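Visitor: Below you'll find the structure I mean.
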Amino acid sequence: MAVFVALGAFLMTLAGGWTAQRVTDRRHLVLGLAGGLMLGVVGLDLLPEALEAADREVFGVPAALLLFVAGFLLAHLVERLLAARRAAHGAEEDGHRSPEVGLTAAAAMVGHSAMDGVAIGAAFQVGGGMGAAVALAVIAHDFADGFNTYTLTSLYGNARRRAVAMLVADAFAPVAGAASTLLFTIPEQVLGAYLGLFGGALLYLAAAEILPEAHHEHPARSTLLCTVAGAAFIWLVVGIAE
């Protein structure tokens, strides 16, 4: 049943990616919406789950928050190192983004989707009602995951085929994650640590890359409204799941 339900997440992920690539003539709106979706996923979904799962403190600070900050700094460090490498090879930094950053971010999205599948499988082990509730939340926000995976990959200069490949991998990830629960389960604290680290990296990409790019050439009110709508959509999904 968990694997069957995960197929719904598979279809919603593909739908999100398809939407992202079909509205390229409104790129600033796509990026604004993606930034809002990512902000909502981090602040309203990932971080609360990370704090609940990894409830241990280190020097008075929740471990999940420390890993959240570490993820933000790690994403910044990786991007700066890649930019420095490009500059050393004679490329101008302005206007040139490192494709590796997009692929790394998309790979993290794939890992997150796999964890979504694990969550579905674990919830069905608890009971059918719990499984249905978790599945509803995962399927709803996997549209945003597919949208963001395609947008992140293509934003950093990767070819369309790479963006599609990462989208397909992201779509299959929840199915594989749900199937894996037939064999093992992930300790809750490990899952919380991963969510904290991933949330910090995702917030960096949204705040430092996607939203500035969205408003760079089109500082329109419609772009801002798309960002707010993206965050509000995730709030709605989280509220329904609760």
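The values are calculated or read from the model by the stated rules, or taken from the named source; none is laboratory data. A quick note: this is a predicted structure, and the numbers were derived from the prediction, not measured. Positions of Cβ are backbone-derived with ideal geometry, glycine not excepted, and every protein chain shown enters the neighbour counts. The area values use the complete protein model at the heavy-atom level, side chains included, leaving out ligands, DNA and RNA. Shrake-Rupley method; radii C 1.70, N 1.55, O 1.52, S 1.80 Å.
Visitor: Any chance the range 82-105 includes a residue that's part of a helix (DSSP H, G or I) and modelled with pLDDT of 85 or more?
Guide: So far as the range 82-105 goes, yes, one or more of its residues are part of a helix (DSSP H, G or I) and modelled with pLDDT of 85 or more.
Visitor: Follow-up question, since we're still on this one. Could you say whether any residue in the range 181-204 is among the polar types (S, T, N, Q), within 23 Å of GLU52 (Cα to Cα) and at pLDDT 80 or above?
Guide: The answer is yes, given that some residue of the range 181-204 is among the polar types (S, T, N, Q), within 23 Å of GLU52 (Cα to Cα) and at pLDDT 80 or above.
Visitor: Here is a further query. Is at least one residue of the range 152-162 at pLDDT 85 or above and buried (at least 24 other Cβ atoms within 10 Å of the Cβ)?
Guide: yes
Visitor: Can you say whether ALA165 is within 25 Å of GLY17 (Cα to Cα), at pLDDT 85 or above and surrounded by fewer than 24 Cβ atoms within 10 Å (Cβ to Cβ), as far as the supplied structure shows?
Guide: yes
Visitor: Among the residues of the range 146-166, write down those that are closer than 12 Å to LEU205 by Cβ and within 14 Å of the chain's Cα centre (by Cα).
Guide: Answer for the range 146-166, where residues must be closer than 12 Å to LEU205 by Cβ and within 14 Å of the chain's Cα centre (by Cα): ASN148, THR149, THR151, LEU152, THR153.
Visitor: Looking only at the range 177-203, how many residues end up being surrounded by 20 or more Cβ atoms within 10 Å (Cβ to Cβ), in a helix (DSSP H, G or I) and not aliphatic (A, V, I, L, M)?
Guide: 7
Visitor: For the range 204-229, how many residues meet the condition of being open to solvent by less than 10 Å² (accessible area, probe 1.4 Å) and either under 12 Å from the mean Cα position of the chain (by Cα) or within 25 Å of VAL118 (Cα to Cα) (or both)?
Guide: Count: 1.
Visitor: Kindly check whether there is at least one residue in the range 50-66 that is at pLDDT 80 or above, on the phi > 0 side of the Ramachandran plot and not in a helix (DSSP H, G or I).
Guide: So far as the range 50-66 goes, yes, one or more of its residues are at pLDDT 80 or above, on the phi > 0 side of the Ramachandran plot and not in a helix (DSSP H, G or I).
Visitor: Looking at VAL78, VAL58, VAL42, which is the one that is β-branched (Val, Ile, Thr), surrounded by 15 or more Cβ atoms within 10 Å (Cβ to Cβ) and farther than 22 Å from LEU236 by Cα?
Guide: Only one candidate qualifies: VAL78.
Visitor: Continuing with the same structure: Which of (1) farther than 21 Å from ILE139 by Cα; (2) surrounded by fewer than 21 Cβ atoms within 10 Å (Cβ to Cβ); (3) at pLDDT below 85; (4) under 16 Å from the mean Cα position of the chain (by Cα) does VAL238 not meet, given it meets every other one?
Guide: The failed condition is (1).
Visitor: Residues of the range 204-231 being over 16 Å from ASP145 (Cα atoms), aliphatic (A, V, I, L, M) and in a helix (DSSP H, G or I), which ones?
Guide: ALA207, ALA208, LEU211, ALA214, LEU224, LEU225, VAL228
Visitor: Only one of ALA63, ALA34, ALA20 is closer than 29 Å to GLN189 by Cβ and surrounded by 17 or more Cβ atoms within 10 Å (Cβ to Cβ). Can you tell me which?
Guide: Unique residue meeting the criteria: ALA63.
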